[in-house]
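First comes the structure, then the notes that go with it.
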Amino acid sequence: MATILSTGTPAAERSAVPWAAVLATVGAGLVSALQVGKGAIAAPLLQSAFQVDLAMVGWVTSVFAILGLVGGIAAGALSARWGDRRILLAGLVATLAGAGLGSQAPSYQILLFSRVLEGLGFLMTTVAAPAVLRQIVPAPRQNFVFALWSCFMPTGMALALLTGPLFASWQQMWLASALATLLALACGLALIPTGGRRDDARPGTLLADARRVVTSRPAVLLATAMMLYSAMFFAVFSFLPILLMDRIGAGVGLAGVLSAVASLANVGGNLGAGHLLGRGASRPALIGIASAVMGLAAIGIFAFSLPGAAAFALCVLFAGIGGMIPATILSSTPKVVPSAALVAVAVGLVTQGNGLGQVLAPIAIGAAIETYGWSAPAVVVPLLAVLTIAVARAMRGTAVARA
C-alpha cells in the first residue's frame with residue numbers, strides 16, 4: 001500500500017493545475033481586452049465630448065490592432081529575453097497608466113496618447129501570458145487551460161459592452177477600467193510565481209529569435225489561419241450592431257446587448273475546442289470544419305433577407321463555432337516552436353496575423369458594403385473561409401497536427 005501511495009502522489013502533483021496563477025493570468029488578459037471594448041461602447045460619448053468625426057473616433061479602437069500588427073514579434077522577443085512574467089506585469093502597469101491618464105484627458109490628442117499606452121500594455125500582456133501558462137501548467141492539462149485563455153478577448157469585449165451603458169460618463173468608464181487593471185496587477189504580483197526558468201533558456205539576440213519563428217512553417221501557418229479567422233470575424237462583428245438595427249429595428253442599447261450575447265457565444269466555442277482537443281480531436285480538422293460553418297453562416301446572414309431572429313441566430317452560430325479556431329490556434333502555438341524560449345515570439349507572430357485581419361477586414365468589408373450593399377460579405381467571408389480551410393489542410397503532417 002505504501003508503494004502505491006508513494007508512486008501515485010507525485011504523478012497527481014505533476015498534473016495538478018495551479019488554478020490561482022492560471023486565473024490571475026487569464027484575468028490579466030481579460031482586463032486588457034476590457035480596454036479594447038470600452039473604446040467601442042464609448043465612441044458616441046467621445047465623439048460628442050471632443051467634437052471629432054467618426055474616423056477620428058475610430059483610431060481610439062484601431063490603435064490596438066495596429067500596434068499588434070507592427071509590434072507582435074518584437075513584444076514576443078522582448079518577453080523571451082526579459083522574462084514572460086515581467087513583461088506581463090509591465091504590460092498591466094502600462095495599461096493602468098494609460099487608463100488613468102485617459103480618464104483625465106483634456107483633449108483628443110491626450111486621449112489618443114493614452115490609448116497608445118493601453119495598446120502597448122495590451123500587446124505586452126497578451127503576448128507574454130501564453131508563455132507564462134506554458135511554464136506553470138502541466139502538459140496534460142494545457143489544452144483546456146489554453147482554451148480558457150482564449151476566452152479572454154470575447155469575455156472582456158462582452159463585459160465592456162454590457163457594463164459600459166451603466167456609467168454616467170466615459171471618464172467613469174475609464175476610471176473603472178483602471179481600477180480593474182490595478183486589481184489584476186495586484187493578483188498577478190501575488191499569485192503568478194516568480195523564478196520559473198525555462199527548461200532550455202539560452203543566450204541569443206532578438207533578431208535571431210524572430211528569424212527562427214518566422215522561418216518555422218507551423219508557426220507561419222498558425223499565424224495565417226489567425227489572420228483569416230480575424231478577418232472573417234471582424235467582417236461580421238464590426239457591422240453587427242448596424243445590421244441588427246437595420247434588420248430588427250433595434251435601438252443602440254439593444255444592439256449593443258445583442259452583440260455582447262453573440263460575442264459571448266465565442267466563449268462557448270473556445271471551451272468546446274479545449275474539450276475536443278483534450279479528447280484527441282485533430283487540430284487541422286477543427287480549424288477546417290469551423291471555417292466551413294462560419295462561411296455558410298455568413299451566406300445565410302447576408303445573402304438572404306431572413307427575419308431578424310433568424311439572422312441573429314446565425315450570428316450566434318457564426319461566433320460560437322468560430323470560437324474553436326482561436327482556441328485551437330492559441331493552444332497549438334506553444335507546442336510547435338522548436339524551443340520553449342520562443343513561445344512568446346510565436347504568440348507575437350500570431351498576434352500580428354490577428355492584427356492584420358482586424359485592421360483590413362472592416363475597411364475592405366465597409367467599402368464592399370458601400371459599393372455592392374449588404375450582400376457583399378456573403379461573397380467575401382466564404383472566400384476567406386475557403387482560404388482558411390486550405391491553410392488547415394496544409395497543417396496536416398506538420399507539428400500542428402502532432403501537437
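Throughout, read-outs are computed from the coordinates displayed, never taken from laboratory work. None of the values given here were measured: they were computed from a predicted structure. Every residue, glycine among them, receives a Cβ derived from its backbone with ideal geometry; neighbour counts consider all protein chains shown.
Projecting label points 7 angstrom from Cα along Cα→Cβ for HIS275 and LEU166 puts them 2.8 nm apart. By the count of other C-beta atoms within 10 Å, a proxy for reagent exposure, TYR229, TYR108 are ordered fewest to most as TYR108, TYR229.
Inter-label distance, TRP59 to ALA16: 5.2 nm, where each label sits 7 Å from its Cα along the C-beta direction. Contact order for the chain, expressed relative to its length and based on alpha carbon pairs under 8 Å spaced 6+ residues apart, stands at 26 percent. In the frame of its principal axes, region 71-220 has Cα extents of 50, 33, 30 Å, reported largest first.
Build a GNM of the chain with springs between Cα atoms under 10 Å apart, and of VAL337, VAL17, VAL236 the one that fluctuates most is VAL17. For region 206-360, pairs of C-alpha atoms spaced more than 28 angstrom apart make up 26 percent of the total.
For region 262-336, the C-alpha radius of gyration sits at 1.17 times the compact-globule guess of 2.2 N^0.38 Å, with N the residue count.
LEU45 to GLU370: FRET efficiency via 1/(1 + (r/R0)^6), r the Cβ-Cβ distance, R0 25 Å, to the nearest 0.05?
Working: r = 26 Å, r/R0 = 1.03.
Taking R0 as 25 Å, the efficiency between LEU45 and GLU370 is 0.45.
Length available on full extension from VAL261 to PHE304: 0.36 nm per residue minus the Cα-Cα distance, which gives 13.2 nm.
Full extension of the segment from LEU254 to VAL116, taken as 0.36 nm per residue of separation minus the current Cα-Cα distance, would add 46.7 nm.
One chain, two ends: LEU206 and SER107. Fully extended at 0.36 nm per residue, the span grows by 31.9 nm beyond their Cα-Cα distance. The order of GLU370, GLU118, going from fewest to most other C-beta atoms within 10 Å of their C-beta, is GLU370, GLU118.
Taken over the chain, the ratio of Cα radius of gyration to 2.2 N^0.38 Å equals 0.97.
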